[in-house]
Amino acid sequence: MQIQALLQELYERYQGLAEGNVARYIPELARFDPKLFAIGIMTTSGDFYGIGDVEQHFTLQSMSKPFTYGLVLEERGRDEVLRYVGVEPTGQSFNSIILDEKSGRAYNPMVNSGAIAVASLIRGADAAERSKRMLHMFSQYAGRALTFDLPTFLSERENGHRNRAIAHLMKNFNMLEGDLNEALELYFQQCSVLVNIKDIATMAATLAHRGINPITQQQALQPKYVRDILSVMLTCGMYDMSGWWAYRIGIPSKSGVSGGIWGVVPNRMGIAVFSPPLNEHGHSVRGIQVFTDLADQLRLHVFEVLDNL
Ligand code: GLU
């Protein structure tokens, strides 16, 4: 079946689904219309298929975490990053405050603790340089100059008490490098990067394509780190629903409280869904349905047994 026709079918199938709640912890997320719905697929050959509210912008939130993880892997190498952040699933929610008891490390870079530790490792002479470097990295994945949404950043900063608590705890264990507030600011900035569905599908497709943006052909990430990111996404990307996601959908994916989910089908495509209402685990309700059907209909599960082999 043609991809565009399939997207149309999925859009119509789930447009009327009215379950879940839009995130309410900051006004910038609460204002989103629950009816907004977009699906995008970018192939590794650079063909884009989109349906629904493709012009709508939304913030990356936790969808940013795999990319910053890639940035510090490149800057510091695997061993150094592993000293600060592990690769074990928590079985807990995104804002879990628990750290590995023996080492004091964050469990993995997909939960907030790990992502804040990762942000603290971004290199640069000062806060401005680190911020610029981070935004440049996101822009390379997207293939255009991305920007931060200032109101979202300011709200996250004002309301991020739990993230501050987590950062203090990690600082106590020396698991956060440099200035704690700077690490938090960088984390809030990465959460407030603005994208549309094509951007995020392109960012996903870049990871499906050896770290090379399929449109601009620019290298956003060294190929050797692609598998590090994807394996952590498969085991930890969907928080306390990661086991079910790996079992039922089998596409390394990452969600964000803005209502987006993106996933990577290595060597084939990047998939992105945006729809603000979330389930109790913080994942887009329509997003879960669309990913489930795409995995089944296009046989995208990483462990799918293909008949013609
Ligand atoms: N800004 C959110 C937080 O740190 C991101 C959570 C998410 O997207 O899962 O609480």
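Beta carbons closer than 6 Å, at least 6 apart along the sequence or on distinct chains, pair a first residue in the stretch 237-263 that is within 21 Å of M42 (Cα to Cα) with a second that is surrounded by fewer than 24 Cβ atoms within 10 Å (Cβ to Cβ) and among the aromatic types (F, W, Y) for G250/F303.
Pairs linking a residue in the stretch 8-35 that is farther than 18 Å from E280 by Cα to a residue that is outside any loop (DSSP other than H, G, I, E, B) and of a type in the set (D, E), with Cβ atoms under 6 Å and 6 or more positions apart or on different chains, are L10/D293.
Which count do you get for residues in the stretch 5-28 that are within 16 Å of the ligand (Cβ to nearest atom), closer than 25 Å to I251 by Cβ and crowded, with 18+ Cβ neighbours inside 10 Å? Number satisfying all stated conditions: 3. Number of residues in the stretch 59-106 that are within 16 Å of the ligand (Cβ to nearest atom) and part of a helix (DSSP H, G or I) equals 9.
For the stretch 171-194, filtered to residues that are more than 14 Å from the ligand (Cβ to nearest atom) and closer than 13 Å to A115 by Cβ, the residue that is surrounded by the most Cβ atoms within 10 Å (Cβ to Cβ) is L176. For the stretch 55-101, the set of residues classified as of a type in the set (K, R) and free of Cβ contacts under 8 Å to residues at least 60 places away in the same chain consists of R76, R83, listed by residue number. Among the residues of the stretch 278-304, the ones that are in contact (Cβ under 8 Å) with a residue 40 or more places away in the chain and either at positive phi or touching a Lys or Arg at 6+ places or on another chain (Cβ under 7 Å) (or both) come to 2 in all. Of the helices (runs of 4 or more DSSP H) lying entirely inside the stretch 107-188, those containing at least 1 residues that are without any contact (Cβ under 8 Å) to a residue 60 or more places away in the chain and among the aromatic types (F, W, Y) are 150-159. Looking at L221, L230, can you tell me which residue is modelled with pLDDT of 95 or more, more than 22 Å from S275 (Cβ to Cβ) and part of a helix (DSSP H, G or I)? Result of the check over L221, L230: L230.
Residue count for the stretch 35-59 under the criterion of being farther than 18 Å from N196 by Cβ and surrounded by 13 or more Cβ atoms within 10 Å (Cβ to Cβ): the result is 1. Condition check: away from the ligand (no atom under 16 Å from the Cβ), exposed (fewer than 14 other Cβ atoms within 10 Å of the Cβ), within 20 Å of the chain's Cα centre (by Cα) and under 18 Å from E177 (Cα atoms). Does R133 satisfy that? Judged against the criteria, R133 is not a match.
Closer than 20 Å to G70 by Cα and within 18 Å of the chain's Cα centre (by Cα) - does that describe any residue in the stretch 158-172? Within the stretch 158-172, none of the residues are closer than 20 Å to G70 by Cα and within 18 Å of the chain's Cα centre (by Cα). Determine if the stretch 143-157 includes at least one residue that is β-branched (V, I, T), surrounded by fewer than 23 Cβ atoms within 10 Å (Cβ to Cβ) and over 15 Å from V264 (Cα atoms). Looking through the stretch 143-157, at least one residue is β-branched (V, I, T), surrounded by fewer than 23 Cβ atoms within 10 Å (Cβ to Cβ) and over 15 Å from V264 (Cα atoms). Taken together, A5, A23, A18 contain a single residue that is within 27 Å of D296 (Cα to Cα) and outside any helix (DSSP H, G or I), which is A18.
Each residue in the stretch 192-217 was checked for being over 14 Å from the mean Cα position of the chain (by Cα) and under 22 Å from F148 (Cα atoms), and 3 of them qualify.
Within the stretch 252-302, restricting attention to residues that are polar (S, T, N, Q) and buried (at least 24 other Cβ atoms within 10 Å of the Cβ), the residue that is farthest from the ligand (Cβ to nearest atom) is S275.
Within the stretch 29-45, the set of residues being part of a loop (DSSP other than H, G, I, E, B) and within 14 Å of the ligand (Cβ to nearest atom) comprises F32 only.
The values are calculated or read from the model by the stated rules, or taken from the named source; none is laboratory data. Everything numeric in this text was worked out from a predicted model, so none of it was measured. Cβ: placed from backbone, ideal geometry, glycine included. Neighbour counts: every protein chain shown.
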